[in-house]
Every structure is written in structure tokens, then in C-alpha cells.
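Notes to accompany the following structure.
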Amino acid sequence: MQGHDDLADPSCGPLAVAGAWGNVRALATLLITFAGIASAGLLAAASATSVSYPLGAILAAVLAALGISAAGSQFVEQAAGRPVSGVARAFAATPRILLGSLLLIAVLVALLAAFLLVSAAMLYACRLPVVGPILLLVVAPALTIGGAVLLGALAAGALLTLAALWEGHSLRTALSQLCAIAAKRNHRALVDLLLPLLVAGSLAVVGSIFVFAAFVLVASLAAALSGAMGFEDWLAGLAAWPSLVGDATATTAWAGVAILATIVSALWVSVLLFAVAIGYRRCAEGVDIAIARAAVARAIIELQVRRVEAVEEVAAFARRILGSVVPKPGRGALVPIAPAPAGAATATTGLAGLPASRISCAHCASDAQPDDVYCGNCGQRLSPPLVA
């Protein structure tokens, strides 16, 4: 992964989040996305059936996932100083990103479920008659602080991993990079990630206040100057949600709100996505993931070895219990193959990041990992490695 002097480049600093509005292609992607979401909501409200609302919600969620993934990849390209992909190409790359995102969500849910199980066990122990109330005084604050730290770490890890997926890396490479960032940067990485997000969030909040004030002002003037529909009628039309059947006033009111929400959402989501891209580039600056990738590979090998050992122990226990019922080795039974040493597996498969397992981009000659789909430097699709 090639380094970028992001920290010295003011165009990729934490205060440059408004530069997202210069990315016309990413803005077009977000406008198309939120226009589709608004249309799905209006159609669901216009039909007013029991099936239309869940279908509209599912369609809106799918459109949001596709659009945010596509725009995220475009903003990562902008933060890296590469040419920004077109709208069609960005949407074409979203299935791979969504697959990695679903796997990431599964990992995060598993970690959160483990915390909930531990918390439930500790809180259940507080039901003891004598020491329970005293134990609760210690357990409740400890679980609260621990839960806050865990949620913050999961949120930061999710943002960095999603940005790596937007850049074209596989989930395995993204997690290896996350481990390398956590091991090397520590508090600096958290500041590099949060500072652009805080700037973008402040810009979105302040901008929303002015937009809302201007909206109320314009709506009041329009109601006062128009004899067709008063301001109270317009508010009543908004209150008619979620059913717009046969109500022209409500349809007109919500159509105007949908247009305004589409534009404002595209503007504010663009600065937030660009802030994530800037934070990711600053955190990943100069990080070598070879050691972390080797650690992940060793962990996978150890899990495979333990799985094989567990299967052997279960088989040995079954043979002792059943005796002659289970066929012995040499009489047609399958014999478990002993796992290869970790060093041998690393040498043959290249899991530790050896040069033999790396591939090069045919467009810019940059190094890439064998399970990457897109080049992290130029964004082009990588060719599969040739095996002699």
C-alpha cells in the first residue's frame, strides 16, 4: 500500500470537509440515492396499504446501502488524490462492498453479543441475597464504562473498515489494516478519525438550523401570498402522513419536503462521508499491514488446528464409548490428516505476506494483496495472480 503525504496536504486536512461539495460525481450519486429513497416513501404513502410500508422501507434501506457505498468509494478516491469514478462505475462496485459490509456487521454483532452475555451473567450474579446489592454497586458502573468504550471502539473500527472496503480492499485486508492502525497509532489514530467527523457534524448541525429557519420563512411567505393554500393547510397536509390517498394538499406538501430533504441530505451526507475518507487516509498513512496480516493468518491457522484437534478428540471419545462399532483406521475409515506447521503453511500459501504471495497492478505497478479486488492506488480492477 503506497503512502500519501496526507498530513502535509491541506486539501486532505480535517478542516477540508467542505471540499466534498466539489466532488460533482459523488454528489450526483447521493442525489440519485436520496431521490430514489424519497420516491419510495411517497409511493408507499400514496398506496396506503399494509404491504406498501414494509416494502417501501426495505427498498429505501437497499437504496441507501447502495448509494452510500458508491459515494463512499468516490470520496475515498478524492481523499487519495485519484480520479473519481463515474456514477455508473461506482454503483457497479457496490455488490462487493456490500458483501464485505455484511460480514463486518456480523463480526460487530458477535462482539456485541459476547459483551451482552458477559453483562447478563454478571448482573445475574447480583441477585445473590447478601453480596448481590454490594456487587451491583461495582458491576453496574464497570459495565457502563466498559460498554461505552466497547461501543466507541466498534464505531471507530467500523468506520475505518468501511473506508478500506470503499477503497477496494477485501475484508481480511481491511481488518489487518485496522489491527495495524490500532497497534501503531493508538491515540493519534482516534484523533485523526474523530476530528474531521466533528467538523463535518458541526457544519451539518449549523447548516440545518439555517436551512430550517429559511424553510419556515419561505413557507410562511408563500402561505400569506397564496390564496389557494394557507400555512395551516400546509401543516395539516404534513400531519396527514403516512396516508396521502386522495389528499392533494398533503401530497403537495410532502413532495416539497421530499425535494428539500433530498438536496439537504445529499449535502450533509457528502461532508460526513468525505470526513470518514479523510480520517481513514490520515490513520492509514505509513501503516505497514504485513505484521498484522501475518498475525491474522496465524490466528486463522490456529483456529483450523484447534478445530481438527477437537474433531480428533471427539472421534477418540466416540471410539472409546462405542468400541468396535466405530471402524478403526486401516479398514476403510477416514484418517484425519495432521495439520501442517504454521511456518510451512505460511511458506506455501503466503499468508504471512511474503513477496511471493503479492501481486502487482497492471496499470500503476503498485503492490496489492492477493485477495484485493481493486488497486488501492489507482482504483483499477486487479487481475488474478498467475500460478505457475
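Taking Cys364, Cys375 and ordering them by how much accessible surface each has at a 1.4 Å probe, largest first, produces Cys364, Cys375. Using a probe of 1.4 Å on the protein chains alone, the accessible area found for Val24 is around 110 Å².
Taking label positions 7 Å along the Cα-Cβ direction at both Ala106 and Ala65, the computed distance is 1.3 nm, reported to one decimal. Annotation: Glu302 carries an accessible surface of approximately 100 Å², with a 1.4 Å probe and no ligand, DNA or RNA atoms counted. Residues Val87, Val206, ordered by accessible area of protein heavy atoms at a 1.4 angstrom probe radius and largest first, appear as Val206, Val87. Between Phe215 and Leu123, the contour length at 0.36 nm per residue exceeds the alpha carbon distance by 28.2 nm.
In the stretch 33-85, the portion of solvent-accessible area held by carbon and sulfur atoms comes to 80 percent [1.4 Å probe, whole percent, DNA, RNA and ligands not counted].
Extent along the principal axes, Cα only, for the stretch 109-223: 68, 43, 24 Å, with the longest axis given first. Surface calculation, 1.4 Å probe, protein heavy atoms: Tyr124 sits at approximately 150 Å² accessible. The phi-based Karplus calculation (6.51 cos²θ - 1.76 cosθ + 1.60; θ = phi - 60°) puts the 3J(HN,Hα) values of the stretch 197-213 at 5, 5, 5, 5, x, 5, 4, 5, 5, 5, x, 5, 4, 5, 5, 5, 4 Hz, whole numbers, x for Gly and Pro.
The values are calculated or read from the model by the stated rules, or taken from the named source; none is laboratory data. Because the structure is predicted, anything quoted here is derived from the model rather than measured. Reconstructed Cβ throughout: ideal geometry from the backbone, glycine too, with neighbour counts over all protein chains shown. What goes into the accessible areas is simple: the full protein's heavy atoms, side chains included, and nothing from ligands, DNA or RNA. Shrake-Rupley method; radii C 1.70, N 1.55, O 1.52, S 1.80 Å.
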